[in-house]
Amino acid sequence: MVLDFQAGKPEAYQDLFHLFYQPLCLFLTKMGLDSFVAEEIVHDTFLKLWNKSDDFFELNSVRSFLYVSCKNAALNLLDKEKRLRIKEEGYKYSQEWVDLPVTQQIIYTETIQELHAAIDRLPDQCQKVMHLLFVEGYTPQEVADQLEVSTSTVYNQKMRGVQLLRNILDKDQLFVFMLLFADVIHSSVK
């Protein structure tokens, strides 16, 4: 069958299509795609296969090409959808921000600026950890990996940073800090 496919015989292409079409659609739906999108990807992949018919000498190489191509197309689509969702969430957040009264926007912006300035006044290692956790939004493990320290060092520096910020920030700033970063602060409990 593969030799006939390589020779460009449409019947061999149809045989391959019938052999792999349903399993590939099932494979893609198990990846979380709906059946219509899965079918589109499989059809596109078979078109690519037809255009590369000279490259295949055995059934296993055809099978591998089909599954890998379908998987990559599905992952690309899922990644694109994820980026789109993130943009939509950002737009929704920016709309909520625009709808706030200007005085609230000013207070929020200035408070965040003061929080950043307070973090910048912390000792060097503590400042790096706090910046990565609170400003950049990294997890403790990601911070540990980036700074090449243990996660216990990250947790210790975070606890130290929070204690130092209690002394640096006034009562209202500390309250905003605790509200904004409650989930990050409480994740220090191991």
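The values are calculated or read from the model by the stated rules, or taken from the named source; none is laboratory data. Everything numeric in this text was worked out from a predicted model, so none of it was measured. Remember, those area values only see protein heavy atoms, side chains included, never the ligands or the DNA or RNA. Shrake-Rupley method; radii C 1.70, N 1.55, O 1.52, S 1.80 Å.
What are the ³J(HN,Hα) couplings of segment 49-62, residue after residue, when phi is run through the Karplus curve with 6.51, -1.76, 1.60 and θ = phi - 60°? Round to Hz, x for glycine and proline.
4, 4, 6, 10, 4, 5, 7, 10, 10, 8, 5, 4, 5, 5
Please report the relative contact order for segment 1-88, taking Cα pairs under 8 Å with a sequence separation of at least 6, and give it as a percent rounded to a whole number.
35 percent
Of the listed values (1) 23; (2) 30; (3) 57, identify the label whose number matches percent of Cα pairs over 27 Å apart calculated from this model.
Checked against the structure: label (3).
Could you check how much of the accessible area of the chain is carbon and sulfur, as a whole percent, using a 1.4 Å probe?
Here it works out to 55 percent.
Report the relative contact order of the chain, percent, no decimals, based on alpha-carbon pairs under 8 angstrom and at least 6 residues apart.
Numbers: 114 pairs, mean separation 28.8, N = 190.
Rounded, it is 15 percent for the chain.
Apply the Karplus curve 6.51 cos²θ - 1.76 cosθ + 1.60, θ = phi - 60°, to the phi angles in segment 115-126 and return the couplings in whole Hz, x for Gly and Pro.
Calculated HN-Hα couplings, in order: 5, 5, 5, 5, 4, 5, 8, 6, x, 3, 5, 5 Hz.
Calculate, for the chain, the solvent-accessible area per residue in square angstrom, rolling a 1.4 angstrom probe over the heavy atoms of the protein chains.
Per residue, the chain has 65 Å² of solvent-accessible surface.
Inverting the mean 1/r over all pairs of different Cα atoms, compute the Kirkwood radius of segment 1-88 and quote it in Å.
For segment 1-88, the Kirkwood estimate is 13.6 Å.
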